1. Go through 15-27, 108-120 and give me the packing order, highest mean Cβ count within 10 Å leading.
2. Name the aspartates and glutamates eligible as straight-distance cross-link partners of Lys86: C-alpha to C-alpha under 16 Å, and not fewer than 8 places from it in the same chain.
3. When only alpha-carbon atoms are used, what values of Rg and Dmax, in angstrom, describe region 76-125?
4. For region 191-345, restrict the atom set to alpha-carbon positions and state the Rg and Dmax in Å.
5. Sorted by packing (mean other beta-carbon atoms within 10 Å per residue), highest first, where do 60-70, 328-338, 42-52 land?
6. Full-extension gain between Glu51 and Leu354, please, as 0.36 nm times their residue separation minus the C-alpha to C-alpha distance.
7. Could you tell me the center-to-center distance, by alpha carbons, between region 12-38 and region 179-196 in angstrom?
8. Starting at 0 and stepping by 5 Å, how many percent of the alpha carbon pairs of region 133-283 end up in each bin?
Amino acid sequence: MTPITNLTDLINQRLPAELAGFMKSAGNMAANGGEKLYLVGGLVRDLLLGEANLDVDLVVEGDAVTLARRLSTGNITIHHRFNTAKLQWRKWTVDLTSARSEIYPRPGALPSVKPGKLADDLFRRDFTINAMAVALVPQSYGQLIDLYGGLYDLERRFVRILHPISFTDDASRIWRAVRYEQRLDFQIELETLRLLQRDIPMLDNISGDRVRYELECICNEQLPEKAFKRAGELGVLAKLHPSLSGNGWLADMFDQARRISLSGQKLADLYLALLAYRLPDIDREQLVSCLRLPRALARILRDAGSIRARLGELANTKLRPSQIYHLLHGYSSEAVTANLLAGDLPPARRNIQLYLEELRSVKPVLAGHDLIDMGVTPGPGIGEALKLILDARLDGTVKTRRDEERLVGEWLATN
Ligand code: CTP
């Protein structure tokens, strides 16, 4: 088979015509300014693999900010420190950076960067399959630039680092290696695997934010359980927390989560709640703080634990619907769902299901102002009367507005 050396046809076949047109005119504009422009990273990889991807990352041997300003017709965000720009072009977001080389002052620290050539820019990247570029200037438009054997590795389905201290420089690449391997059905190449295992302790050097970002990326994969399983086998998951496991139970939970996921819920958050589900409180808190989880996500994990602690109460088959409602009301819905899937008491799960499918959307017809019109004194009494009719609705003892009014009337008579 002749190796692919020009991607013009692939670009034209696989990308929307508007986007391909944008890349071409961006290349022309760069050339007019005496600069060279390249498409780099994941989109090049995915064009060659035939995978869908519309994330355009461009690298210019020159000044990214100036070129971005010339290209942009709308929104543009500039990071002067890194000389990068993000621009909105019609419905697409395009990242534009100046070619640079990086030096890591110490393992895990953010690199210091200085302007460089394309070869430097590609060499600083994580894996050979992500370190290919396509020329966009008119004289060489579409030409594949593969300086580090990316195409060879794509064909043999290898995830391979570019140099032996890649994981030492940036241990978040350990998680990335696992993610790409599992997403693409590749294999981490043997020497890369050896170095990955050698450098697992380096995971302690990177910030919680960076680990969290990599976990979020995994949770946004189609089948995150594959990456967690592999991370478990390699001892990477244990670095996150020694009690975490990516075993078959987790795969089963994730599979069910995809099937039932309720509208308005973020599947990625539900996955994380399931991953942490079996951790004791103290370990969960450790995870929350070392990953610096955002408040809403931390709450989901904590709520899942609190509900889990109440499964015994929830398993009582004699509970009235209103009691089930009050046991679960106020918890984040992902946490309730996590317990529906992972809770180990089937009667509790049945009650949770009833709550999610029916009870949580039950509302009385009468509102606070109706109660005031009926003579309830504004103040805590309103809440009390509303709870009374809500509970009666939940338990099926009132069905109509009339019923609710009658109940409030009786309550007023005795209060
Ligand atoms: N990169 C890296 N080391 C990291 C993170 C990113 O070298 N720790 C490089 C990779 O070459 C990657 C590029 O930066 O291709 C952009 O990163 P990202 O957006 O995370 O990757 P994509 O390839 O665009 O996205 P994906 O592969 O998930 O589709």
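The values are calculated or read from the model by the stated rules, or taken from the named source; none is laboratory data. Predicted, not measured: the structure shown is a model, and the values here were computed from it. Neighbour counts are summed over all protein chains in view; Cβ atoms, including those assigned to glycine, are modelled from backbone coordinates with ideal geometry. We work out accessible area using only protein heavy atoms, side chains counted, and drop any ligands, DNA or RNA first. Shrake-Rupley method; radii C 1.70, N 1.55, O 1.52, S 1.80 Å.
1. Per-residue mean Cβ counts within 10 Å order the peptides as 15-27, 108-120.
2. Asp55, Asp57, Asp63, Asp95
3. 12.7, 40
4. Reported Rg and Dmax, both Å: 16.4, 61.
5. 328-338, 60-70, 42-52
6. On the way: separation 303, 0.36 × 303 = 109.08 nm, distance 4.07 nm.
Contour length minus the Cα-Cα distance gives 105.0 nm.
7. Their Cα centres are 32 Å away from one another.
8. Percent of Cα pairs in each bin: 2, 9, 16, 19, 18, 13, 10, 7, 4, 2, 1, 0, 0.
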